[in-house]
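Below: the structure, in structure tokens.
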Amino acid sequence: MILLQAHSRYLLQILQNRVQNLDKGVELDCHWVEFDDVRYHIQASIKTPNLLHLSVSLPTPPPEIDFSGGLPLGAIEALKTAYGSVVHILDPPKDGFNLTVKLNLVKLPNLEEMKQNLLVKIASVREVVMGAPLRVILKRLASRSVPPNAAELVPLLHRPNESFFIVPQLEKVTVVFPMRFNDSIDTVLATSFLQEFVEARRTAGLNNAPACLWSSTPPNELKEAPQQALSANAGFVSFVISTRHVEGKKLEKTVWSLSTFHAYVNYHVKCSEGFMHTRMRRRVESLIQALDRAKLDENTATAAQSKSFKRLTIEESRGNSH
């Protein structure tokens, strides 16, 4: 299984190149889109090469999610905690984006290791922003503090017009994903993948992993969910997160893994589909080669049968010998 990286590799490459060539002062203006329709725009001018303006557009939230100020709950606090004085949040953001920040590369740490770690963290702005509400809930679980919305259904954004759901409690947090796919083949592959995923959790080597369940119908945790959120053609996947899954450094890994679970499944479904297509192409090629060999053998046999011999009499054979 391949886990998706939390940072944007393209954004990290831009930041590293900018830091290494800060004295050149090259103008910069780049747009790109990453999975789940997260869009980026980064700009820099020749006059102020140490300043970068980074804008991020998040997926369109479904009706059950309300973005206060255009960002998920706790996103502003998470940005300030993660980046400190290196990042300044601009209000309002650039048109068409949920967030615009100004990066001051001069304020990066002098120590090379710390500088690279902070650049990776800046390139992980997607995780910091979109994972903020989930991070708040899981931090309360780690500290065993009673959540203000205990046992209430909390919708969180993870894909365009789609949400997954959290049920926070004192000792555990239940996470439920309605799994939807547009392509019928992807739906079949995803359903099989998820069922095997649940079975794999029951092996002895994964006893410490979160409990995982799959069902074709909405679980009891979603009884208060809006009807439009319950249309899942690949079933529903539930995880039970306990305190041991959010201790120390495990917290950020758990936040990212849950926030991108659908993308993780979709990635492996597409890989499986591509692998099967490759196998089918190879099988077709081998069958064509077998047919070509059969035609060659048939032509050889036909040519051999077409040869005829005339029986000569004794007189004719004597005449030919002279």
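The values are calculated or read from the model by the stated rules, or taken from the named source; none is laboratory data. Just so we're clear, the structure is a prediction, and the values are computed from it rather than from any experiment. Cβ coordinates were reconstructed from backbone atoms using ideal geometry, including for glycine residues, and neighbour counts include every protein chain displayed. Note: accessible area is taken over every heavy atom of the protein model, side chains too, but ligands, DNA and RNA are not part of it. Shrake-Rupley method; radii C 1.70, N 1.55, O 1.52, S 1.80 Å.
Quick notes
- GNM top mover of 280, 114, 179 - the chain, alpha-carbon springs below 10 Å: 280
- 0 to 90° range, to nearest 10: angle between helix 9-20 axis and the chain longest Cα axis: 60 degrees
- Charged-residue dipole, Cβ positions (Lys, Arg, Asp, Glu), the chain about Cα centre, Debye nearest 20: 800 debye
- Taking the 1.4 Å solvent-accessible surface of the chain as the whole, the part contributed by carbon and sulfur is 54%.
- Relative to the dominant Cα principal axis of the chain, helix 261-306 is inclined by about 10°.
- Long-range HN-HN contacts of residue 99 with modeled amide H, under 5 Å: 56
- Most mobile of 195, 227, 289 in a GNM of the chain (Cα contacts under 10 Å): 289
- Between 0 and 90°, nearest 10: helix 184-201 axis offset from the chain longest Cα axis: 70 degrees
- Considering only 234, 290, 151, the Gaussian network model of the chain with Cα springs below 10 Å gives its largest mean-square fluctuation to 290.
- Only helices enter this figure: runs of n ≥ 4 DSSP H residues, each worth -39500 (n - 2.57), summed and divided by the residues of the chain, yield -13500 deg cm²/dmol at 222 nm to the nearest 500.
- Surface per residue (accessible, 1.4 Å probe) for the chain, Å²: 59 Å²
- Candidate values (1) 32.1; (2) 17.5; (3) 19.1, label of the one derived for mean projected area of the Cα convex hull in nm²: (1)
- Here the peptides 212-222, 139-149 are ranked by packing, the mean other Cβ count within 10 Å, and the order with the highest first is 212-222, 139-149.
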